[in-house]
Amino acid sequence: MSDGAATGLAVLATVLVVAPLVAIFAYLVYKGASSLNLAFFIDVPKPVGEVGGGMANAILGSAILLAVGSVIGVPVGIAGGIFLAEYGRGTKLANAVRFTADVLNGVPSIVMGIAIYSLIVVPQGHFSAFSGGVALGIMMIPTVCRTTEEMLLMVPNAVREAALALGVPNWRSVLAITVKTASPGIITGCMLAFARVAGETAPLIFTAFGNVGWNARLDEPIAALPLQIYVYALSPYDDWHRLAWAGSLVLIVLIVLAVSLVRYVTSRGVLKGAS
Amino acid sequence: MPEIRLSKLQFQTEPDPQIGENQVKAVSPEAAQIRKYLLSRGNSAIADRGFRWLMVLCALSIFGIVVLIAVELMNRSKLAWGQFGLDFFYTAFIDPSTHKPMYWDPVNGHFSAIPFLYGTLVSSFLALLLAVPLAIGVAVFLTEMCPPMLRAPLAFLTELLAAIPSVIYGLWAVFVLVPLLREHLNPWLIKGFGWSGFFDADNPTGLGFVAAGIILAIMILPIISSLTREVMTAVPQSQREAVLALGATRWEMIRVGVLRNARIGIVGAIILGLGRALGETMAVTMVIGNSPEVHRSLLANGSSMASVIANEFAEASGDLHLSALMEIGLALFIVTIIVNAIARLLVWAVTRGAPSSTH
């Protein structure tokens, strides 16, 4: 293959990859923007057949589920990352934990869903917001753990040594010096994990289950934005399709904002400020 | 002032608080304050050890999660395992009156995973077929050919593809991709390649393996291309320079100097993409057609392991049905763990031992 042909093929491949992305975004913005209105943000879904209504309850539900998920996933993930970077560096145990975290990251979300179903929903006897939050939280752990580790490894050793030389106990040195120095990066990692689970549908089908009305109780089924989009997309009603597009636009804007923020923070070198 | 530094050092290592206090008073009042402050903030061996164990415990919980998932799935799939054993994965009940296999018949209690294994394999294989050349092309373009100005935005765009939720891909596929296939691509495939038997005209919906394969390909592209980019960047610069110095063109340099050196990592990236494709649920469920049958035609409706769980789990008709679905979930869990483990090992083998770019 000649040099020119190879270059041409690589450019073609790039165009072919960027094209669907642009197509998806353009269509999403076009369909979503024309369907968004105030009712979407303040109304609950109307009964089948009636036009109008919104997804306010699903937005609240997603917020609650993500809050529960973060309460579980963020501390455990950060603690795991601290172990990997500060205590277990180079040990067999740390390698095994790192490997397991990477593998856990690849476990299909639907499998996570049925596992949490049999672990929490079956013993409780009913679907609940709590079980959905636990599923999302567990899915956050590997991402948070690995980014925390990477960020902590970027903190120069001199900082740790300086703290220890002042007689600061190790645990305080870790929390107040190392973790604090790396905190922009750790927060970034948490947001990345947050954005990733915000759009998860599969683990919520058998845990949070969905709800057509308001619910803020953790022990009852709760609506979630991705779940609602799924149900509405497969429904035969045009008005529900419209709401599905609007919901997708809201979801994607939130996620893109989070990812861009992450990108902005990492590219500005805030993380490298430590070194 | 070396003397003062020395006395501070003594204070730090001094175990007896009485003497330490006297010394501090003699040397500097600030040191005493620092010491008091530190003591009040938990300067003790117990706190130190406790914190350490807390961190270890959290790290170990990651093992715990994997074990817990496995145990739960095994427990719940016991019923189906006892009933069908390994036959579940490779035999099917043959209807005595029509002589046709009844793969999945919850009403009469016949369960076999064959159509779902088949659906998962076919859709994932189609996805890899489409995604791998494109992903490698993008990675080559971004690492070796792209003007520096374009590199960051393009890399960001492909990363954005990875951040779009599965359900939104599904929504787009249902309302844009499937009509497109129905109106244009499928008739063309049937006309041109119908003779091969892979493209039959008996499914006019546009759903099916081809739709699932295309949407899966779009979804796994960013994973494969970003990892390929990573392993290609890990190839030392001196390799490129050496090949170029021998008079190679740019493409020859990429082929011999870069791709050949990074091939193990690229295989790892592809396998990781495969792992993602095997377990992908929502988008596939929305476009694969969801019928538990085995067809040779790629345009026919099918069902994958993940999609049958998503579809039938909530309204499973009995304990055996639920247990059979759990067993499919367990199989999916084991397969994705093996696939991911292999992929990670391959990618690590390349990027971990990689010499730094300065060489």
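A short reminder: the numbers here are calculations on the coordinates, not readings from a lab. In this text the structure is predicted, and so the values were computed from the model without any measurement. Reconstructed Cβ throughout: ideal geometry from the backbone, glycine too, with neighbour counts over all protein chains shown.
Put simply, the Cα atoms of region B:131-241 extend 56, 31, 20 Å along their principal axes, the longest span coming first.
Using the per-residue mean of other Cβ atoms lying within 10 Å as a proxy for protection, in what order, highest first, do the peptides A:130-137, B:140-147, A:187-194, B:63-70 fall?
Per-residue mean Cβ counts within 10 Å order the peptides as A:130-137, A:187-194, B:140-147, B:63-70.
Over region B:77-351, the hull volume per residue, using the convex hull of the C-alpha atoms, is 155 Å³. Mean per-residue shielding of peptide A:2-11 is 6, counting Cβ atoms of other chains within 10 Å of each Cβ. Which net charge results for the neighbourhood of B:Ala310, defined as the other residues with beta-carbon distances under 13 angstrom from its beta-carbon, given Lys and Arg at +1 and Asp and Glu at -1? Net charge around B:Ala310: -4. The Cβ shell under 14 Å around B:Ala155 holds other residues with a net charge of 0, Lys and Arg each +1, Asp and Glu each -1.
Just so you know, the Rg over Rh for region B:254-359 is 1.16, from Cα atoms, with Rh as the Kirkwood radius.
What is the sum of charges around A:Tyr237, taking Lys and Arg as +1, Asp and Glu as -1, for the other residues whose C-beta is under 12 Å from the C-beta of A:Tyr237? With Lys, Arg at +1 and Asp, Glu at -1, the neighbours total -1. Taking the Cα atoms of chain A, the ratio Rg/Rh between the radius of gyration and the Kirkwood radius comes to 1.05. Hull volume per residue, based on the alpha-carbon atoms of region B:177-252 and their convex hull, is 143 Å³.
Here the calculated FRET efficiency for B:Leu86 and B:Ser40, from their Cβ-Cβ distance with R0 = 56 Å, stands at 0.30, rounded to the nearest 0.05. Here the Karplus relation 6.51 cos²θ - 1.76 cosθ + 1.60, evaluated at θ = phi - 60°, turns the backbone of region B:267-277 into coupling constants of 4, x, 4, 5, 5, 5, x, 4, x, 5, 5 Hz, with x for every Gly and Pro. Only Cα sites of region B:54-144 enter the Debye sum here, all with the same form factor; the resulting log10 I(q)/I(0) across q = 0.17, 0.24, 0.26 1/Å is -0.89, -1.14, -1.22, listed in q order.
The mean number of partner chain beta-carbon atoms within 10 angstrom of a residue's beta-carbon across peptide B:275-283 is 5. Using a cut-off of 31 Å between Cα atoms, the listed pairs A:Lys31/B:Lys191; A:Lys46/B:Lys78; B:Lys100/B:Lys191 include A:Lys31/B:Lys191; A:Lys46/B:Lys78 as exceeding that distance.
When shorter helices are ignored and each DSSP H run of at least 4 residues is given -39500 (n - 2.57), the per-residue value for chain A at 222 nm works out to -21500 deg cm²/dmol. Check which residues have an amide H placed less than 5 Å from A:Lys46's amide H, if you skip close sequence neighbours. Placed amide hydrogens put A:Gly54 under 5 Å from A:Lys46. Highest-first packing order for the peptide set A:26-34, A:176-184, B:274-282 is B:274-282, A:176-184, A:26-34, based on the mean count of other beta carbon atoms within 10 Å. Relative to the longest principal axis of the Cα atoms of chain B, the long axis of helix B:2-13 makes an angle of roughly 60 degrees. Using only the alpha-carbon atoms, how far is helix A:183-198 inclined from the longest principal axis of chain A? Give it as 0 to 90 degrees, nearest 10. Value to nearest ten degrees: 30.
Each Cα pair of region A:154-252 feeds into the Kirkwood radius, which the Stokes-Einstein equation turns, at 4 °C and 1.567 mPa s, into a diffusion coefficient of 76 µm²/s. So how tilted is helix B:148-163 from the main axis of chain B? Cα-based, degrees 0 to 90, rounded to 10. That helix lies at roughly 70 degrees to the long axis. Extent along the principal axes, Cα only, for the protein assembly as shown: 100, 71, 55 Å, with the longest axis given first. When only Cα pairs below 8 angstrom with a gap of at least 6 residues are kept, region B:77-351 shows a relative contact order of 28 percent. The calculated 222 nm mean residue ellipticity attributable to helices in chain B amounts to -21500 deg cm²/dmol, summing -39500 (n - 2.57) over DSSP H runs of n ≥ 4 and dividing by all residues. Inter-chain neighbour count for B:186-192: the average number of beta-carbon atoms from partner chains within 10 Å of each residue's beta-carbon is 0.
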